[in-house]
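To keep things clear, I will list the structure first and then write my remarks on it.
The values are calculated or read from the model by the stated rules, or taken from the named source; none is laboratory data. Because the structure is a prediction, the values reported are computed rather than measured. Reconstructed Cβ throughout: ideal geometry from the backbone, glycine too, with neighbour counts over all protein chains shown.
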Amino acid sequence: MKLLITGGAGFIGSAVIRYLINETETIVMNVDKLTYAGNLDSLTMVSSHPRYHFAKVDICDAKALQSLFAEFQPDAIMHLAAESHVDRSIDGPAEFIHTNIVGTYTLLETARSYWQTLNSPAKQAFRFHHVSTDEVYGSLGAKGLFMEDSPYRPNSPYSASKASSDHLVRAWHHTYQLPVVTTNCSNNYGPYQFPEKLIPLMILNGLEGKPLPVYGKGQNIRDWLYVEDHVRALYVVLTQGQIGETYNIGGHNEKTNLEVVHQICALLDDLLPNSPRRPFQQLITFVTDRPGHDLRYAIDACKIACELDWKPRESFESGLRKTVQWYLENQTWWQRVRDGSYRGERLGLGK
């Protein structure tokens, strides 16, 4: 299979590519604009592989996409490219509208035009896999789970832009019969994650003796999914999912933000017994909450488990230990990020 992946230099995209090159026979074209969160260092172990190819292309550039499709002749698309950080969307929503909505539209139109030129077997086998988030469903109360038919109630500029992209993909399937599958996942974590997200930020701030900023009282709940579990799910949906269907992917690991930070502190205490910063819990600092901060996300992943036989392999405890250990052992990777476009500053206060 020749698979074109957008956003392949990002956190989840690079994990997908590493999996495809190491575990399958897939030929990969990585299409990435290389914004601040795109990092080719995450792909150094596969970058010289003959089945890996890279093109620095903006998904909003229709002409560049058309040329790329004509040259690479993909059998399928996995669309991961997106602006993805809620706090950044609060401070600057325009880029999220442009990339996540206009970019998805441009990619859909390019894929549709290309798909219509294929012969019948190739046309029937073609897939457009759109990767989205559980945040499109809004906020849950103390009970309940997001299901594939849950109503959309996005509450941040980021989630609204992703909800819009989901609707575009659905419309292109129903109007033009473009063969699509969609996945909505819970919060990912693991190696190579850009350190503006909660878990890597807490790990690196702890290592540097900086405050560990917890929004509000830290009682917001997320369902955590280890990135390598997510990658396996994405591949299963791409290759076995039913056209036109949506699959929710969750880790069955609901934790409050404060619980997550406490577990990170405990792991740092355990893995760095001689650190002068122990106990790391003393670095926890409560800060002003994010505007419109959703209370709880949690996914019902029964559909993908029952229909496609996927389940997460990692518990939150095992996945978090692997994650902390990876950041301790890969300072070169994250130090290059710290020295570049992001240095841990507070975002998302709407200023």
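For segment 195-202, state whether one or more residues are on the phi < 0 side of the Ramachandran plot, in a helix (DSSP H, G or I) and without any contact (Cβ under 8 Å) to a residue 60 or more places away in the chain.
No, segment 195-202 has no match at all.
Among 214, 136, which is crowded, with 24+ Cβ neighbours inside 10 Å, hydrophobic (A, V, I, L, M, F, W, C), in contact with a strand residue (DSSP E or B) (Cβ under 7 Å, 6 or more places away or on another chain) and at negative phi?
136
Take residue 74 and tell me if it is assigned to a helix (DSSP H, G or I) and either among the hydrophobic types (A, V, I, L, M, F, W, C) or under 19 Å from residue 241 (Cα atoms) (or both).
Taking the combined requirement at face value, the residue does not satisfy it.
State which residue is farthest from residue 291 (Cα to Cα) when the search covers only segment 152-186 and only residues that are in contact with a Ser or Thr (Cβ under 9 Å, 6 or more places away or on another chain) and part of a strand (DSSP E or B).
Per the stated criteria, the residue is 181.
Does segment 178-187 contain any residue that is more than 18 Å from residue 250 (Cα to Cα), in contact (Cβ under 8 Å) with a residue 12 or more places away in the chain and of a type in the set (Ser, Thr, Tyr)?
There is no residue in segment 178-187 that is more than 18 Å from residue 250 (Cα to Cα), in contact (Cβ under 8 Å) with a residue 12 or more places away in the chain and of a type in the set (Ser, Thr, Tyr).
Could you check residue 154 against (1) more than 14 Å from the chain's Cα centre (by Cα); (2) in contact (Cβ under 8 Å) with a residue 60 or more places away in the chain and say which number it fails?
That leaves (2) as the condition not met.
Suppose we keep only residues that are acidic (Asp, Glu) and in a loop (DSSP other than H, G, I, E, B) within segment 129-151. Which one would you say is nearest to the chain's Cα centre (by Cα)?
For segment 129-151, the residue satisfying everything is 148.
What's the number of the only condition in (1) surrounded by 21 or more Cβ atoms within 10 Å (Cβ to Cβ); (2) under 20 Å from residue 235 (Cα atoms) that residue 76 fails to meet?
The one condition residue 76 does not meet is (1).
Working carefully through the options 218, 206, find the one that is of a type outside the set (A, V, I, L, M, F, W, C), part of a helix (DSSP H, G or I) and in contact (Cβ under 8 Å) with a residue 12 or more places away in the chain.
Criteria check complete, one pass: 206.
Kindly indicate whether residue 226 is surrounded by fewer than 22 Cβ atoms within 10 Å (Cβ to Cβ), under 24 Å from the mean Cα position of the chain (by Cα) and not acidic (Asp, Glu).
So residue 226 fails the test.
Picking from 203, 249, 243, 199, which residue would you name as being modelled with pLDDT of 95 or more, surrounded by fewer than 18 Cβ atoms within 10 Å (Cβ to Cβ) and of a type in the set (Val, Ile, Thr)?
243 is the lone residue from the list that is modelled with pLDDT of 95 or more, surrounded by fewer than 18 Cβ atoms within 10 Å (Cβ to Cβ) and of a type in the set (Val, Ile, Thr).
Taking interchain pairs and intrachain pairs at least six residues apart, which have beta carbon atoms under 6 angstrom, with the first residue in segment 104-133 and under 20 Å from residue 57 (Cβ atoms) and the second of a type in the set (A, V, I, L, M) and exposed (fewer than 13 other Cβ atoms within 10 Å of the Cβ)?
Once the first residue is under 20 Å from residue 57 (Cβ atoms) and sits in segment 104-133, no partner that is of a type in the set (A, V, I, L, M) and exposed (fewer than 13 other Cβ atoms within 10 Å of the Cβ) comes close enough.
For the subset of segment 93-114 comprising residues that are out of contact with any strand residue (DSSP E or B) (no Cβ under 8 Å at 6 or more places or on another chain) and either hydrophobic (A, V, I, L, M, F, W, C) or not in a helix (DSSP H, G or I) (or both), which member is farthest from residue 31 (Cα to Cα)?
Filtering first and then ranking leaves 94.
Report, by residue number, each residue of segment 23-46 that is assigned to a loop (DSSP other than H, G, I, E, B) and either touching a Ser or Thr at 6+ places or on another chain (Cβ under 6 Å) or loosely packed, with under 15 Cβ neighbours inside 10 Å (or both).
Answer for segment 23-46, where residues must be assigned to a loop (DSSP other than H, G, I, E, B) and either touching a Ser or Thr at 6+ places or on another chain (Cβ under 6 Å) or loosely packed, with under 15 Cβ neighbours inside 10 Å (or both): 24, 25, 34, 36, 44, 45.
What are the residues in segment 277-325 that are crowded, with 18+ Cβ neighbours inside 10 Å, farther than 21 Å from residue 186 by Cα and among the aromatic types (Phe, Trp, Tyr), if any?
Result: 280, single match.
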